[in-house]
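To start, the structure under review is shown below, and the notes come after it.
The values are calculated or read from the model by the stated rules, or taken from the named source; none is laboratory data. Quick caveat: nothing in here was measured; it's all calculated off a predicted structure. Note: ideal-geometry Cβ built from the backbone for every residue, glycine included; neighbour counts use all protein chains shown.
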Amino acid sequence: MEDSIATEIANATARIVVEEGLEWGAAKRRAVKQLGLPQRTRLPDNDLVEEAVREYIELFCADTQPAELRALRQLALVWMERMQDFRPYLAGAVWQGTATRLSDIYVQMFCDDSKSAEICLIDHHVDYEPRSVTGFRGELVDALSISSMSPELGEHVGVHLMVYDLDDLRGALKPDSRGRLPRGDMKAVRALLAQGEASGASDS
């Protein structure tokens with residue numbers, strides 16, 4: 001019974017994530033509310049949600065999502081190159097491959113001096129908004145949030161440059177339970193883009 005409820009919540013979460021661009025945590029809570037379940041209902045884990053998101057994309061967005069994901073990865077790489085002095089890593093749905101045009105981009109930077117990234121944006125006259133977002137350990141992390149134009153999508157995308165201490169990098173590159181890396185550096189993002197180009201060429 002509990003498994004079927006978890007699957008039902010995961011499927012509802014997937015629809016919210018894909019159609020509204022909501023982050024997974026908020027989408028899970030909204031799914032529970034929409035399904036009329038008690039507020040304290042146990043939430044499905046992220047693996048189950050990811051599976052549901054991938055299935056939803058395959059069913060309803062297979063024609064559009066690959067190009068949207070590519071555009072987001074290209075924009076992420078632009079910002080990673082601009083912020084390369086701060087050891088940037090791409091994380092979240094854009095790295096995992098479950099992003100659509102409604103998804104924001106999350107770049108995690110590992111700095112010797114947390115203020116130096118902010119100074120870099122100021123020096124380059126980049127408008128940003130300081131805020132706090134949930135980090136990879138569930139803690140609040142300082143982020144510099146930017147609205148950046150994607151030429152391919154023809155619209156602005158939220159880019160969140162998350163600022164971590166350099167020491168946090170140690171545990172950040174451990175593979176997850178499925179053996180996948182939870183984030184990737186510029187070289188890894190370029191490899192994903194090249195891989196997409198190769199598969200696109202073979203399809204045509």
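Numbers below:
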quantity	calculated
Condition check for residue 73: closer than 26 Å to residue 149 by Cα and in a helix (DSSP H, G or I)	yes
Residue 25 vs. criteria small (Gly, Ala, Ser), surrounded by fewer than 16 Cβ atoms within 10 Å (Cβ to Cβ) and closer than 25 Å to residue 108 by Cβ	yes
Pair list, Cβ < 8 Å and 6+ apart or interchain, from the range 160-177 residues that are within 15 Å of residue 86 (Cα to Cα) to residues that are modelled with pLDDT under 90 and among the charged types (D, E, K, R)	166/112
Among the residues listed as 101, 87, 40, the single one being basic (Lys, Arg) and surrounded by fewer than 16 Cβ atoms within 10 Å (Cβ to Cβ)	40
Neighbours by Cβ (under 6 Å, 6+ apart or cross-chain): first from the range 11-39, among the small types (Gly, Ala, Ser); second in a loop (DSSP other than H, G, I, E, B) and surrounded by 15 or more Cβ atoms within 10 Å (Cβ to Cβ)	21/102; 21/103
Subset of the range 1-53 [in a helix (DSSP H, G or I) and among the basic types (Lys, Arg)]	15, 28, 29, 30, 33
